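The values are calculated or read from the model by the stated rules, or taken from the named source; none is laboratory data. Note that this is a predicted model, so its numbers are computed, not measured. So basically every Cβ, Gly included, is an ideal-geometry build from the backbone, and we count neighbours across all protein chains shown.
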Amino acid sequence: MSTTPRVLLVEDEAGLRLTLTDRLGSEGYNVETASDGESGLARAAGGGYDLIVLDVMLPKMNGFDVCREVRQRGVTTPILMLTARGQVVDKVVGLKLGADDYLTKPFETIELMARLEALLRRVPSGAQPGGEIYRFGDVVVDLRRVEVTRGGEPVELSAREFKLLRYFIEHRGAALSRDALLAEVWGYDEMPLTRTVDVHVAGLRQKIDHPKAPEFIVTVHGHGYKFVG
């Protein structure tokens with residue numbers, strides 16, 4: 001990550017776009033903006049950003065489609081989605097498409113800053129010595145290259161899903177509560193919607209486990225999850 005974090009802000013509301021650009025700039029971020037989904041996708045797909053702030057309701061192409069396309073193109077930059085609806089179903093859809101976090105409008109700028117700082121802390125800081133390759137079942141995880149294969153075929157994980165999988169691997173055998181996962185993987189000390197964890201675990205199970213009868217990421221009833229790979 002660069003010394004000055006680069007943020008792509010995709011927001012069609014001119015007033016909010018200006019306000020957030022000024023605030024982020026004053027906090028030391030290098031901000032680039034787009035006012036519609038198509039131009040936002042073009043910029044995001046070009047890469048080079050440390051964070052993407054993406055509104056859901058956009059002209060030309062909505063934020064969900066932008067998020068999906070960005071991930072399909074292999075861009076793993078953390079994405080924070082902004083939604084004015086506040087409906088859980090929208091948040092779940094965004095997370096399933098590869099978003100890393102969401103924030104409901106209207107929001108306090110200080111909360112947005114806290115979310116962005118948490119996302120920056122979660123960006124992988126490079127290879128760790130030893131243990132770069134981990135295998136379970138027909139899945140191979142290369143922690144250094146940030147690559148996953150299953151049965152020899154590449155598995156596309158969002159940045160958050162990979163972070164969660166890595167944390168499971170590094171704490172295999174331990175019963176991990178949802179609160180602990182939110183704190184360590186999401187960077188939140190407190191967050192009311194632990195459904196966020198469940199959605200990402202379900203996504204991981206779909207890609208690397210058996211969704212209906214999980215073999216590796218098992219549920220610890222009344223507590224959370226345990227990785228037994």
Checklist entry - How many residues does segment 182-200 contain that are farther than 19 Å from Leu120 by Cα and at pLDDT below 85? => result 4
Checklist entry - Right, Leu20: over 18 Å from the mean Cα position of the chain (by Cα) and either closer than 14 Å to Met113 by Cα or among the small types (Gly, Ala, Ser) (or both) or not? => result yes
Checklist outcome for this item: Picked from segment 58-97 (must be over 16 Å from the mean Cα position of the chain (by Cα) and at pLDDT below 80), the residue surrounded by the fewest Cβ atoms within 10 Å (Cβ to Cβ) is Val89
Checklist outcome for this item: In the set Tyr29, Tyr49, the lone residue that is surrounded by 19 or more Cβ atoms within 10 Å (Cβ to Cβ) and touching a Lys or Arg at 6+ places or on another chain (Cβ under 7 Å) is Tyr49
Checklist entry - When you go through (1) touching an Asp or Glu at 6+ places or on another chain (Cβ under 8 Å); (2) free of Cβ contacts under 8 Å to residues at least 40 places away in the same chain; (3) buried (at least 16 other Cβ atoms within 10 Å of the Cβ) one by one for Val7, which number turns out not to apply? => result (2)
Item to check | Index of the failed condition, Pro106 passing every other in (1) part of a helix (DSSP H, G or I); (2) of a type outside the set (A, V, I, L, M); (3) modelled with pLDDT of 80 or more; (4) surrounded by fewer than 13 Cβ atoms within 10 Å (Cβ to Cβ) | outcome: (1)
Checklist entry - From the set of residues in segment 194-224 that are among the small types (Gly, Ala, Ser) and outside any helix (DSSP H, G or I), which is surrounded by the fewest Cβ atoms within 10 Å (Cβ to Cβ)? => result Gly222
